[in-house]
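Undergrad: Before I ask anything, here is the structure I am working with.
The values are calculated or read from the model by the stated rules, or taken from the named source; none is laboratory data. For clarity, every value in this text was computed on a predicted model and none was experimentally measured. Here the Cβ positions follow ideal geometry from the backbone for every residue, glycine too, while neighbour counts run over all protein chains shown. Heads up: the accessible areas ignore ligands, DNA and RNA and are worked out on the full protein's heavy atoms, side chains in. Shrake-Rupley method; radii C 1.70, N 1.55, O 1.52, S 1.80 Å.
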Amino acid sequence: QQPVQSPQAVILREGEDAVINCSSSKALYSVHWYRQKHGEAPVFLMILLKGGEQKGHDKISASFNEKKQQSSLYLTASQLSYSGTYFCGTETGFNKFYFGSGTKLNVKP
Amino acid sequence: NAGVTQTPKFRVLKTGQSMTLLCAQDMNHEYMYWYRQDPGMGLRLIHYSVGEGTTAKGEVPDGYNVSRLKKQNFLLGLESAAPSQTSVYFCASCSGLAGAYEQYFGPGTRLTVT
């Protein structure tokens, strides 16, 4: 039930781009993305609903391919503040919502 | 607006002891959730509530009980703590079903069971 995220960890230099993937074995109704900094609570980034839309949030955007049951999070021109663990959450049915195990992103100067 | 608050922030229990974790939200949200977070495992749903007086089991409910007597509060109880329950516990609230709406998380409770 839990979606699979890849990669598990990424190290970037400031200004570099990254892509984080989230895939499910079940049909998806929606995908969420959250970021969690060390020792803090997860913070919502965006929701993508069924329909294959793409959303943007500052220099962070995401796509949702419902046919492939996948979503990707794109971080462009990364900043130090982007460091943290990124989680996708997937809705596979009525009140069936599961988080992935996370992708650790470390942006270095 | 405090958002979602959790008490306590830290707790150490001995095996077999009991405790209650309190979650409170001031956003008038109907839906509330309890998650546990273990290294490399992401967030796993323990129990949830879709409104005052209702509770339901999530993915990993064994060893936990919950109550939602007031809309703004969601309590998580451990009747007889076990070392496997050592984890960070997060409460979240939502204005609708988790799949369609943003979840607001509390700061977490770090629980160690020795």
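Undergrad: Inspect the range A:52-70 for any residue being of a type in the set (Phe, Trp, Tyr), assigned to a strand (DSSP E or B) and in contact (Cβ under 8 Å) with a residue 24 or more places away in the chain and give the result as yes or no. Spell out how you get there, then give the answer.
TA: Taking the range A:52-70 and keeping what is of a type in the set (Phe, Trp, Tyr), we get A:64.
Subset that is assigned to a strand (DSSP E or B): A:64.
Adding the requirement that they be in contact (Cβ under 8 Å) with a residue 24 or more places away in the chain leaves A:64.
Yes, that holds for at least one residue.
Undergrad: If we only count strands (runs of 3 or more DSSP E) wholly inside the range B:1-102, which ones have 3 or more residues that are open to solvent by less than 30 Å² (accessible area, probe 1.4 Å), within 18 Å of A:Ala41 (Cα to Cα) and within 14 Å of chain A (Cβ to nearest Cβ)?
TA: Values: elements: B:4-7, B:10-13, B:19-25, B:31-38, B:42-49, B:64-67, B:73-78, B:87-94.
It comes to B:31-38, B:42-49, B:87-94.
Undergrad: Which one is most open to solvent (accessible area, probe 1.4 Å), of the residues in the range B:103-114 that are over 16 Å from B:His47 (Cα atoms) and either in a loop (DSSP other than H, G, I, E, B) or more than 14 Å from chain A (Cβ to nearest Cβ) (or both)?
TA: Here the residue is B:Thr114.
Undergrad: Among the numbered conditions (1) within 13 Å of chain B (Cβ to nearest Cβ); (2) among the hydroxyl-bearing types (Ser, Thr, Tyr); (3) surrounded by 20 or more Cβ atoms within 10 Å (Cβ to Cβ), tell me where A:Tyr82 comes up short.
TA: The one condition A:Tyr82 does not meet is (1).
Undergrad: Can A:Phe97 be described as open to solvent by less than 50 Å² (accessible area, probe 1.4 Å), within 13 Å of another protein chain (Cβ to nearest Cβ) and over 14 Å from the mean Cα position of the chain (by Cα)? Before the answer, list the steps.
TA: On the way: open to solvent by less than 50 Å² (accessible area, probe 1.4 Å): yes; within 13 Å of another protein chain (Cβ to nearest Cβ): yes; over 14 Å from the mean Cα position of the chain (by Cα): yes.
Criteria met by A:Phe97.
This table checks each residue for (1) in contact with a Phe, Trp or Tyr (Cβ under 8 Å, 6 or more places away or on another chain); (2) within 14 Å of chain B (Cβ to nearest Cβ); (3) of a type in the set (A, V, I, L, M); (4) open to solvent by 60 Å² or more (accessible area, probe 1.4 Å).
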position: A:Ala41; (1), (2), (3), (4): yes, yes, yes, no
position: A:Ala77; (1), (2), (3), (4): no, no, yes, no
position: A:Glu91; (1), (2), (3), (4): yes, yes, no, no
position: A:Leu105; (1), (2), (3), (4): yes, no, yes, no
